[in-house]
Amino acid sequence: MKALTKSIWVFHFAAASCNNCDIEILDALTPRFDLERFGILLVGSIRHADVILATGAISHKAAVRLKRLYEQAPKPCLVVAVGACACSMTMFRDSYNMAGPFDGLVPVHAYIPGCPPKPEAMIMGVVKLIKALKKG
Amino acid sequence: MAEEILAKIKEKFSWQILNIFEKSPRRAYIDLKPENIKEIVEFIFRRLRARFVIVSAVDTRNAIEILYHFSFDIEGKIITLRTKIDKQNPEIESVTPIIKGAEWIEREIYELLGVRFKNHPNLKRLLLAEDWPEGKYPLRRD
Amino acid sequence: MAKTIIPIGPYHPLQEEPEFFKLLVEGEKVLELEIELGYNHRGIEKIAESKSYDQVLFLVERVCGICSTSHPFASVNAVEELADIKVPERALYIRSIIGELERLHSHLLWLGLAGHFIGYNTVWMWAWRYREPVLDIFEKITGNRQHYAMMKIGGVRRDIESDDIPEIWKMVDGLLPVLDMFKGVVMDDPVIHARLKGVGILTKEDVFEYGALGPTARASGVAIDVRKDDPYAAYPLVDWQVITQEEGDVFAKAVVRILEMYESVKIIKGCLDKLKVVGGEIDAKVKEIPPGEGIGRHEAPRGEVFHYVRSDGSNRPVRYKIRAPSYMNVPTNQKSVVGGTISDATITLAAVDPCYCCTERVAVVDKKTGKKGLTGQDLIKLSQEKTLRIKREMVV
């Protein structure tokens, strides 16, 4: 697990999200906040990923894909739920097409609440995650 | 200009139109029988060159109402064709053969309200998962 | 030649949202495109029926995070039409300012992503950097970077203080040289010309057949813009132009978006000027919503947003229909991508500025096992390599 703390490669999984957290994640990587300076890199394939950044509540169709993606990920693989929907589903709780929040389907290691969380909040979430990993 | 459009429709389809309701100068609703929808849609789309906006469907408990919204952009007017179909046997002629842009929305209404569109080229599910139970329509009020 | 299926999606780096495009190709040529949706369907229309009109605004705001004021904008237009509510003039200006600030940040966002797809990562980073001041202004006047919650039936939720006006003015002024730079980058770069001109052409007739909207339609010479056609908010009260281009290719779509940002700046400045002199209330008192139906429209960054609401006199809508612009724009890809090459497919798919959360309100292939195909990253790589090749040929 400690090896993960050096340079985290993240895979971005958008379930049924409204796009806002997704944009803020990308925003955190661009020059203003520049998460890349910590070695955090957005990767295109789940097979390269150390961390899955999950956004949005999960629709039935996406739930199947999420499980398959999680199986394909090299372990150890951490899951971070970004945004209120990913943490608790908020107003979409009663929808007919929702399979549940992330922690009902895959193990979630960190929650970053907010609608959407500010990039600063995401950075803080990542820092907390790294600290927790270092402790073991 | 805006009045002309309604006048043209009235003149051509005077005996098919059940009722015209002008909510405001920019919004008009025309009630029709389901069997006349296709030819009037064709007239409005092909001859009057109105932009197809969308179809909406409403479950009114005893019938399913289908609304075809068309926008006349130069006049800034929206004309809505409205028809009621039987809830026990919800079936209506598809307008996709006339308007390509209507393919998705008819598929959506098919899966969410269970309306069968006759002669639709590709009537299958659009949004819901493959394992969604048959005969369960989320937007119906039962 | 053998036909190959190239799956794009549902989860891959080309799109930040899930969507499944199936490209049937023969060699380099795209023969067919199939689009599959449903990954993002949240059933918002159904949820709306269980919320009061005030709550619906917060719900429809979450239809889409990028155009997050467009849906509440159309929603208040619909309910105000239904209940015949007169909105105070000051609120109209504030609404338009919010709407145009959103267009600025959304178009900059698209410009960055488009740059990324053709291998100009610098454009991506720059565009997103210059997007930040717009978000800062949003945070200042609404309290949130996105999801501003400014719209309210009968008015707006927050006023723009006169102390904030110079700052907004300074920010939009600061954007002008940036826009000049991007205009130069797109208009004068021979590589971008070679890459985008004549690619993914959508004709006027296609626009009509598919009912395409917004910049996608305007780039094909169809001058539709709800702000002019069916005037609302403060748009008829300030001076601005509808931007059109005739070619209908990806280049025209980029040009339309860049030139539109200048118009947005113009509208914002016009509204700010008026805000200095128009005082008074920012919201009308709304008692109850009568039975009836209303249609609300708003020109979102991607095109017309259409909301249909039906009321039975209670405090909740009986039916709430949302039609987002991408719902009409995405199917046009079936016309514009087919016949082109695979390396152009990425930028063409991206050119309509698709927004799937809107499309489904209510969807890159997991690598279909066993099928020979390219991954999404390979696709972007193909696209970026083509740019490099053109660069080398042109000796830039």
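Descriptive notes on the structure:
- Residue list for segment B:108-142, filter: within 18 Å of C:I47 (Cβ to Cβ) and of a type in the set (K, R): B:K136, B:R140, B:R141
- Pairs where the first residue, in segment B:32-56, is under 13 Å from B:I92 (Cα atoms) and more than 14 Å from every other protein chain (Cβ to nearest Cβ) and the second is modelled with pLDDT of 90 or more and assigned to a helix (DSSP H, G or I), C-beta under 8 Å, 6+ apart: B:L32/B:I40
- Among (1) more than 7 Å from chain C (Cβ to nearest Cβ); (2) more than 19 Å from C:N121 (Cβ to Cβ) - the single one A:W9 does not satisfy: (2)
- Some residue of segment A:99-120 being modelled with pLDDT of 85 or more, among the small types (G, A, S) and out of contact with any Gly (no Cβ under 8 Å at 6 or more places or on another chain): no
- So C:R257, is it under 30 Å from C:K287 (Cβ atoms) and surrounded by 21 or more Cβ atoms within 10 Å (Cβ to Cβ): no
- Total residues in segment C:51-72 satisfying the condition of being facing another protein chain (nearest Cβ under 7 Å) and under 13 Å from C:Y320 (Cβ atoms): the figure is 2.
- Subset tally (residues that are of a type in the set (G, A, S) and facing chain C (nearest Cβ under 10 Å)) for segment B:57-70: 1
- Of the residues making up segment C:32-76, not one is assigned to a strand (DSSP E or B) and either crowded, with 24+ Cβ neighbours inside 10 Å or touching an Asp or Glu at 6+ places or on another chain (Cβ under 6 Å) (or both).
- Residues in segment C:25-50 that are closer than 18 Å to C:N333 by Cα and within 21 Å of the chain's Cα centre (by Cα) were compared, and the one that is modelled with the highest pLDDT is C:I35.
- Residue check for B:T83: more than 23 Å from B:E4 (Cβ to Cβ) and either more than 9 Å from chain C (Cβ to nearest Cβ) or touching a Cys at 6+ places or on another chain (Cβ under 9 Å) (or both): yes
- Looking across segment A:90-127, the residues that are of a type in the set (F, W, Y) and not in a helix (DSSP H, G or I) come down to A:Y96, A:Y111.
- When segment A:35-71 is limited to residues that are more than 12 Å from the chain's Cα centre (by Cα), surrounded by 15 or more Cβ atoms within 10 Å (Cβ to Cβ) and in a loop (DSSP other than H, G, I, E, B), the one that is nearest to the other protein chains (Cβ to nearest Cβ) turns out to be A:G44.
- Within the set B:R27, B:R49, the sole residue that is within 30 Å of C:V242 (Cα to Cα) and loosely packed, with under 14 Cβ neighbours inside 10 Å turns out to be B:R49.
- Subset of segment C:269-302 that is part of a strand (DSSP E or B) and touching a Lys or Arg at 6+ places or on another chain (Cβ under 9 Å) - its residue that is surrounded by the fewest Cβ atoms within 10 Å (Cβ to Cβ): C:G292
- Qualifying residues in segment A:84-125 (those that are within 11 Å of chain C (Cβ to nearest Cβ) and among the charged types (D, E, K, R)) - the one farthest from the chain's Cα centre (by Cα): A:D94
- Being under 28 Å from C:D84 (Cα atoms) and modelled with pLDDT of 90 or more is a property that C:P317 has.
- Per-region count, segment C:307-332, residues touching a helix residue (DSSP H, G or I) at 6+ places or on another chain (Cβ under 7 Å), part of a strand (DSSP E or B) and either under 22 Å from C:L104 (Cα atoms) or not aromatic (F, W, Y) (or both): 6
- Of the residues making up segment B:96-114, just one is farther than 17 Å from B:H69 by Cα, more than 10 Å from chain C (Cβ to nearest Cβ) and crowded, with 21+ Cβ neighbours inside 10 Å, namely B:Y110.
- Criterion (over 28 Å from C:T346 (Cα atoms), of a type in the set (S, T, Y) and within 12 Å of chain A (Cβ to nearest Cβ)) met by exactly one of C:Y130, C:Y148: C:Y148
- When segment C:248-292 is filtered for residues that are modelled with pLDDT of 90 or more, more than 18 Å from the chain's Cα centre (by Cα) and acidic (D, E), only C:D273 remains.
- Residue within segment B:119-133 that is at pLDDT 90 or above and either at the interface with chain C (Cβ under 8 Å from one of its Cβ atoms) or buried (at least 20 other Cβ atoms within 10 Å of the Cβ) (or both) present: no
- Scan of segment C:269-304 for residues that are more than 10 Å from every other protein chain (Cβ to nearest Cβ), touching a Gly at 6+ places or on another chain (Cβ under 8 Å), more than 16 Å from C:K152 (Cβ to Cβ) and not small (G, A, S), ordered by number: C:P290, C:P291, C:E299, C:P301, C:R302
For every residue, the table says whether it meets (1) in a helix (DSSP H, G or I); (2) out of contact with any Phe, Trp or Tyr (no Cβ under 9 Å at 6 or more places or on another chain); (3) not small (G, A, S).
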{"site": "C:S96", "(1), (2), (3)": "yes, no, no"}
{"site": "C:T122", "(1), (2), (3)": "yes, yes, yes"}
{"site": "C:A127", "(1), (2), (3)": "yes, no, no"}
{"site": "C:K140", "(1), (2), (3)": "yes, yes, yes"}
{"site": "C:H147", "(1), (2), (3)": "no, no, yes"}
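- The listed residue being within 14 Å of A:I123 (Cα to Cα), at pLDDT 85 or above and crowded, with 17+ Cβ neighbours inside 10 Å, out of A:I8, A:I23: A:I8
For (1) buried (at least 24 other Cβ atoms within 10 Å of the Cβ); (2) in contact with a Gly (Cβ under 9 Å, 6 or more places away or on another chain); (3) under 22 Å from C:V60 (Cα atoms), each residue gets a yes or a no:
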{"residue": "C:R103", "(1), (2), (3)": "yes, no, yes"}
{"residue": "C:L109", "(1), (2), (3)": "no, no, yes"}
{"residue": "C:L113", "(1), (2), (3)": "no, no, no"}
{"residue": "C:N121", "(1), (2), (3)": "no, yes, no"}
{"residue": "C:D136", "(1), (2), (3)": "no, no, no"}
{"residue": "C:K140", "(1), (2), (3)": "no, no, no"}
{"residue": "C:R158", "(1), (2), (3)": "no, yes, yes"}
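- Meeting the requirement of 3 or more residues that are farther than 17 Å from C:Y327 by Cβ, the helices (runs of 4 or more DSSP H) wholly within segment C:180-228 are C:190-196.
The values are calculated or read from the model by the stated rules, or taken from the named source; none is laboratory data. Fair warning: this is a prediction, and the values are worked out from it, not measured in the lab. Ideal geometry is used to build each Cβ from the backbone, glycine not excepted, and the neighbour counts take in all protein chains shown.
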